[in-house]
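Following: one structure in structure tokens, then a few remarks.
The values are calculated or read from the model by the stated rules, or taken from the named source; none is laboratory data. It should be emphasised that the depicted structure is a prediction, and the values quoted were computed from it without experimental measurement. Please note: Cβ atoms are built from the backbone with ideal geometry, for glycine as well, and neighbour counts cover all protein chains shown.
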Amino acid sequence: MSNLDSFRLETRDWLEDNCPETMRKPMKTADDGCWGGRNFTFKSEDQKLWMDRMGEKGWTAPEWPTEYGGGGLSKAQHKILKEEMARIKARSPLESFGIWMIGPALLKFGSEALKQQHLPPIVRGEIRWCQGYSEPNAGSDLAGLQSKGVDMGDHLLANGQKVWTSYGDKADWMFCLLRTDPDAKKQMGISLVLFDMKTPGVKPKPIKLISGSSPFCETFLDDVRVEKDQIVGEINQGWTIAKYLLTHEREMIGGMGLTGAGSKTLGSLAIDSLGTTFGRLNDLFLRTEVAKWEIDAAAFACTAERANDEAKAGQGVGATSAMLKYYGTELNKRRFETLLKVGGSDELIWDGDLSKNDGWMAKTWLRTKGNSIEGGTSEVQLNIIAKNILGLG
Amino acid sequence: MALVVNEEQQMLKESARGFLAEHAPISEVRAQRDSGSELGYSPALWGKMADMGWAAILVPEQFGGLAFGHVGMGQIIEETGRTLTASPLISTAILGVTLINLAGSDSQKAELLGKIANGDLTLALAIDEGTQHSPANTKMSASKQDGEYVLNGTKRYVIDGSSADNLIVVTRTSGNPGDLKGISLFNVNSDTNGINIERTNMVDGHNSSIITFTDVHVDENSLLGEFDRGFRPLSTALDVANVHLACELLGIAQESFDITLKYMKERKQFGTLIGSFQALQHRAASWWSEIELCKSIVLKALQSLDEGDAKSPALASIAKAKLCEIVELSTNEAIQLHGGIGMTDEYDIGFFIKRARPAQMLYGGYSYHADRYALISGY
């Protein structure tokens with residue numbers, strides 16, 4: 001038996017023994033996700049047990065080195081773990097900006113002390129992170145950010161306002177971009193710093209979206225003390241790390257144009273809702289719209305696959321994350337516009353007993369409008385493609 | 001299978017590009033048109049293509065072919081799209097070979113495939129009868145009389161119809177227009193009595209003919225495949241042809257884009273390069289993104305043909321539909337972004353739109369394939 005085969009068997013046994021039954025059922029809503037951290041209210045004991053067991057094993061961050069609490073798995077082993085989890089329909093044990101965003105940045109750019117301090121609590125789900133990037137006057141033009149970090153000798157004093165801080169009111173720590181050299185050229189005077197959200201002067205305030213939910217905050221920074229040892233990389237060199245994280249974020253968001261293999265196709269949802277006559281959908285114009293979307297979605301799915309395979313084979317530029325982000329989010333917006341038409345007026349009931357799933361469709365449809373704004377607008381992605389790939393100045 | 005072009009296929013693509021740059025630059029397209037070429041392609045060039053082995057790529061090894069597969073062939077066709085090169089590749093080396101291989105008897109395969117592989121025989125598929133592609137609606141009749149078949153009817157827009165040695169004729173031998181059963185295929189020499197071929201003068205200059213069959217007598221051996229059951233192999237062969245047409249359209253779309261991008265970096269207006277205008281940058285970036293999608297779906301469809309998997313018909317229709325949409329965008333944007341010079345015959349960009357539209361319509365355009373995809377998907 002090869003090493004991978006025995007790893008698969010061990011993994012299967014371990015999951016069988018350790019994954020609680022209730023964690024082997026699909027999540028009903030996005031609210032069922034486990035985010036961990038100091039402020040999190042677990043939905044059930046099983047949810048906490050599952051996070052703790054996976055965190056202890058390092059399998060919440062399977063490929064991170066074991067010295068920082070990670071699983072130390074190879075890519076091939078990680079793939080097996082995912083397959084075995086999918087086999088028993090195990091939920092993700094932990095949703096985490098720590099694992100998705102700041103962790104990888106620390107692994108790449110952080111000092112040994114920062115890695116030792118921050119990575120293990122991320123793996124165990126003890127500390128929940130949020131991102132302090134955008135500002136009211138620095139959205140697409142992120143490098144125009146104005147929140148200041150003034151050098152006070154042994155620490156920085158931060159003042160300013162951040163916006164679109166995902167779960168800022170629930171997070172424990174923030175990774176934050178500050179302008180630390182006001183005289184340097186735009187991108188040159190920025191630093192990436194870390195601080196506890198309990199630090200005096202940090203005030204997050206939820207923002208209610210058109211979709212009714214409040215996943216984001218604006219966060220006010222009022223004379224916030226940031227220790228100098230909490231600067232990631234060199235002072236004033238934060239933009240490189242910020243760009244690395246933005247690329248990472250684009251890749252995550254771009255994936256949303258892809259609908260999961262298990263979920264129903266747009267075509268079959270249209271058939272369920274509208275019915276067919278002699279094998280044709282009962283609304284001919286919508287039939288065209290659905291077919292056009294499915295054709296584009298198939299071509300997009302192949303493009304994500306090709307980009308992945310080309311990267312593995314070490315070939316050319318391929319499709320970049322900017323293109324996948326641009327096309328994927330626009331595609332997802334189109335999908336929900338069509339779904340809304342397919343569902344008809346029933347889907348426009350906002351909430352209450354008469355609504356389907358408490359207005360899930362209407363709320364999700366409205367939420368997709370932000371897809372092509374967050375993580376860099378579609379227009380910014382097109383700028384990146386034009387400049388970096390097509391060489392248009 | 002990884003969705004990438006492997007090293008061997010990439011080498012074939014590069015050798016095709018080199019060959020076409022040397023022997024078939026776009027100036028050849030202009031020369032063919034200006035000389036009023038009867039064939040619509042250069043027989044000398046076709047001879048050289050056959051010497052390169054291109055006619056043999058899809059032919060099985062036991063009949064003297066290379067059996068190199070669709071992904072390989074697709075790389076060549078894509079390159080012929082970039083140079084707008086007319087040749088019998090689609091009609092003969094792709095459609096003809098696929099139909100004979102699927103439907104032909106052992107003796108027909110032995111007789112025909114080797115000749116095709118050597119470049120000694122060309123074929124044309126006589127299928128459409130109206131102005132829209134609709135194979136199930138075939139009306140043209142073939143009736144059995146005294147151990148022979150007698151063919152009567154008219155075929156329109158037969159690609160390579162006025163140059164091919166043989167015609168593969170799609171006929172109705174029973175049932176009514178619309179029925180999938182009752183379609184039979186015949187392999188007929190173009191010189192047979194009763195066949196009248198009239199060459200049209202289409203926008204792309206390729207030879208596309210109206211062919212009238214008046215009491216054309218052919219012997220029993222002319223039947224290609226099973227009597228009344230020709231639709232199945234025909235449908236598969238059309239999928240193959242449509243995927244390769246999508247490859248050609250991909251070449252056209254990419255070259256139109258590349259030429260236009262280059263122009264945006266040279267042309268100055270208002271004292272600056274037009275490529276510095278954001279309105280044009282966004283159009284170019286969005287256009288480029290669409291072409292990336294096209295590359296992916298075409299490769300997927302080619303791989304699916306090689307694997308012979310059940311998704312091939314759906315993927316063929318997705319690929320052809322998507323490429324029809326984007327080549328239309330590409331050729332229109334190419335002219336618009338060139339401005340006035342794009343409207344002149346002297347400049348080459350106009351040749352791309354003129355080849356794209358007939359290639360889009362051939363064997364079904366966007367609406368045909370989007371509709372077919374929806375039907376395959378149950379709606």
The residue that is nearest to the other protein chains (Cβ to nearest Cβ), considering only those in segment A:302-325 that are out of contact with any Lys or Arg (no Cβ under 9 Å at 6 or more places or on another chain), touching a residue at least 40 places away in the same chain (Cβ under 8 Å) and part of a helix (DSSP H, G or I), is A:Met323
Subset of segment B:12-53 [surrounded by 13 or more Cβ atoms within 10 Å (Cβ to Cβ) and within 14 Å of chain A (Cβ to nearest Cβ)]: B:Lys13
Kindly check whether there is at least one residue in segment B:148-161 that is under 24 Å from B:Gly365 (Cβ atoms), surrounded by fewer than 24 Cβ atoms within 10 Å (Cβ to Cβ) and either modelled with pLDDT under 95 or touching an Asp or Glu at 6+ places or on another chain (Cβ under 6 Å) (or both). yes
Inter-residue pairs, beta-carbon under 6 Å, first more than 9 Å from every other protein chain (Cβ to nearest Cβ) and in segment B:270-284, second part of a loop (DSSP other than H, G, I, E, B), 6+ apart: B:Ile274/B:Arg267
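Give me a count of the residues in segment A:359-376 that are among the polar types (S, T, N, Q) and not in a helix (DSSP H, G or I). Walk me through it before giving the result.
Restricting attention to segment A:359-376, the residues satisfying the condition of being among the polar types (S, T, N, Q) are A:364, A:368, A:371-372.
Retained after the next criterion (residues that are not in a helix (DSSP H, G or I)): A:371-372.
Adding up the residues that qualify gives 2.
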Considering segment B:238-293, residues that are among the acidic types (Asp, Glu) and more than 26 Å from B:Leu99 (Cα to Cα), and then whichever is surrounded by the fewest Cβ atoms within 10 Å (Cβ to Cβ), we arrive at B:Glu266
Taking A:Val150, is it surrounded by fewer than 17 Cβ atoms within 10 Å (Cβ to Cβ) and β-branched (Val, Ile, Thr)? yes
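Only one of B:Ser330, B:Ser289 is of a type in the set (Ser, Thr, Tyr) and touching a residue at least 24 places away in the same chain (Cβ under 8 Å); which? Don't jump to the end; show me each part of the working.
Values: B:Ser289 fails: touching a residue at least 24 places away in the same chain (Cβ under 8 Å).
Result of the check over B:Ser330, B:Ser289: B:Ser330.
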Going by the structure shown, is B:Thr260 more than 14 Å from every other protein chain (Cβ to nearest Cβ) and either of a type in the set (Ser, Thr, Tyr) or on the phi < 0 side of the Ramachandran plot (or both)? no
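Confirm whether B:Thr192 is assigned to a strand (DSSP E or B), among the β-branched types (Val, Ile, Thr), more than 19 Å from the chain's Cα centre (by Cα) and not assigned by TED's automatic domain parsing to the domain that holds B:Thr80. Spell out how you get there, then give the answer.
Working: assigned to a strand (DSSP E or B): no; among the β-branched types (Val, Ile, Thr): yes; more than 19 Å from the chain's Cα centre (by Cα): yes; not assigned by TED's automatic domain parsing to the domain that holds B:Thr80: yes.
No: the conditions fail for B:Thr192.
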Going through segment A:282-294 one residue at a time, which ones are surrounded by fewer than 24 Cβ atoms within 10 Å (Cβ to Cβ) and among the hydrophobic types (A, V, I, L, M, F, W, C)? A:Leu284, A:Phe285, A:Leu286, A:Trp293
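Given the criteria more than 10 Å from chain B (Cβ to nearest Cβ), part of a loop (DSSP other than H, G, I, E, B) and more than 30 Å from B:Ser367 (Cα to Cα), does A:Gly391 qualify?
Considered against the rule, which asks whether it is more than 10 Å from chain B (Cβ to nearest Cβ), part of a loop (DSSP other than H, G, I, E, B) and more than 30 Å from B:Ser367 (Cα to Cα), A:Gly391 comes out as no.
If only one of B:Gly339, B:Gly350, B:Gly308 is surrounded by fewer than 20 Cβ atoms within 10 Å (Cβ to Cβ), more than 14 Å from chain A (Cβ to nearest Cβ) and modelled with pLDDT under 95, which one is it? Even if it seems obvious, please write down each step before you answer.
Numbers: B:Gly339 fails: modelled with pLDDT under 95; B:Gly350 fails: modelled with pLDDT under 95.
Only one candidate passes the filter, namely B:Gly308.
Here are some residues: B:Leu238, B:Leu234, B:Leu249. Which one is in contact (Cβ under 8 Å) with a residue 24 or more places away in the chain, over 18 Å from B:Arg172 (Cα atoms) and not in a loop (DSSP other than H, G, I, E, B)? Let's see the steps before the verdict.
Values: B:Leu238 fails: over 18 Å from B:Arg172 (Cα atoms); B:Leu234 fails: over 18 Å from B:Arg172 (Cα atoms).
That would be B:Leu249, the only listed residue that is in contact (Cβ under 8 Å) with a residue 24 or more places away in the chain, over 18 Å from B:Arg172 (Cα atoms) and not in a loop (DSSP other than H, G, I, E, B).
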Taking segment B:355-379 as the search range and keeping residues that are farther than 28 Å from A:Val342 by Cα and surrounded by fewer than 19 Cβ atoms within 10 Å (Cβ to Cβ), which one is nearest to the other protein chains (Cβ to nearest Cβ)? B:Met361
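Pick out the one residue from A:Glu379, A:Glu374 that is more than 8 Å from chain B (Cβ to nearest Cβ), in contact (Cβ under 8 Å) with a residue 12 or more places away in the chain and either at negative phi or more than 24 Å from the chain's Cα centre (by Cα) (or both).
Values: A:Glu379 fails: more than 8 Å from chain B (Cβ to nearest Cβ).
Residue meeting the stated conditions: A:Glu374.
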Among the strands (runs of 3 or more DSSP E) confined wholly to segment B:130-186, which include 1 or more residues that are within 17 Å of B:Leu99 (Cα to Cα) and among the hydrophobic types (A, V, I, L, M, F, W, C)? B:148-159, B:166-172
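Conditions (1) touching a Cys at 6+ places or on another chain (Cβ under 9 Å); (2) free of Cβ contacts under 8 Å to residues at least 40 places away in the same chain; (3) in a strand (DSSP E or B); (4) surrounded by fewer than 20 Cβ atoms within 10 Å (Cβ to Cβ), marked per residue:
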{"position": "A:Leu177", "(1), (2), (3), (4)": "no, no, yes, no"}
{"position": "A:Met188", "(1), (2), (3), (4)": "no, no, no, yes"}
{"position": "A:Phe195", "(1), (2), (3), (4)": "yes, yes, yes, no"}
{"position": "A:Pro200", "(1), (2), (3), (4)": "no, yes, no, yes"}
{"position": "A:Glu218", "(1), (2), (3), (4)": "no, no, yes, yes"}
{"position": "A:Arg225", "(1), (2), (3), (4)": "no, no, yes, yes"}
{"position": "A:Asp229", "(1), (2), (3), (4)": "no, no, no, yes"}
{"position": "A:Lys243", "(1), (2), (3), (4)": "no, yes, no, yes"}
{"position": "A:Thr247", "(1), (2), (3), (4)": "no, no, no, yes"}
Specify which of the listed residues (A:Ile88, A:Ile102) is farther than 25 Å from A:Thr240 by Cα and either surrounded by 18 or more Cβ atoms within 10 Å (Cβ to Cβ) or over 22 Å from the mean Cα position of the chain (by Cα) (or both). A:Ile88
B:His244 vs (1) part of a strand (DSSP E or B); (2) in contact with a helix residue (DSSP H, G or I) (Cβ under 9 Å, 6 or more places away or on another chain): all pass except (1)
All conditions in (1) at positive phi; (2) under 26 Å from the mean Cα position of the chain (by Cα) are true of A:Gly328 except (1)
Return the residue satisfying two criteria in turn: it lies in segment A:278-300 and is in contact (Cβ under 8 Å) with a residue 24 or more places away in the chain and of a type in the set (A, V, I, L, M), and of such residues it is farthest from B:Lys295 (Cα to Cα). A:Leu286
Just the residues that are more than 14 Å from chain B (Cβ to nearest Cβ) and aliphatic (A, V, I, L, M), please, taken from segment A:339-371. A:Leu339, A:Leu340, A:Leu348, A:Ile349, A:Leu354, A:Met361, A:Ala362, A:Leu366
Meets criteria (within 24 Å of A:Ile207 (Cβ to Cβ) and surrounded by fewer than 22 Cβ atoms within 10 Å (Cβ to Cβ)) for A:Gly359: yes
From (1) in a helix (DSSP H, G or I); (2) more than 25 Å from the chain's Cα centre (by Cα), pick out the condition that doesn't hold for B:Trp288. (2)
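Residues that are more than 20 Å from B:Asp120 (Cβ to Cβ), at least 3 per element: which helices (runs of 4 or more DSSP H) completely within segment B:1-67 meet that? Walk me through how you get there before you give the answer.
Values: elements: B:7-23, B:26-34, B:43-51.
Per the criteria, B:7-23, B:26-34.
Residues are listed down the side, and each one gets a yes or a no for (1) under 30 Å from B:Gly153 (Cβ atoms); (2) of a type in the set (Phe, Trp, Tyr); (3) in a helix (DSSP H, G or I); (4) touching a Leu at 6+ places or on another chain (Cβ under 7 Å):
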residue	(1), (2), (3), (4)
B:Val71	no, no, yes, yes
B:Gln75	no, no, yes, yes
B:Leu95	yes, no, yes, yes
B:Leu121	yes, no, no, yes
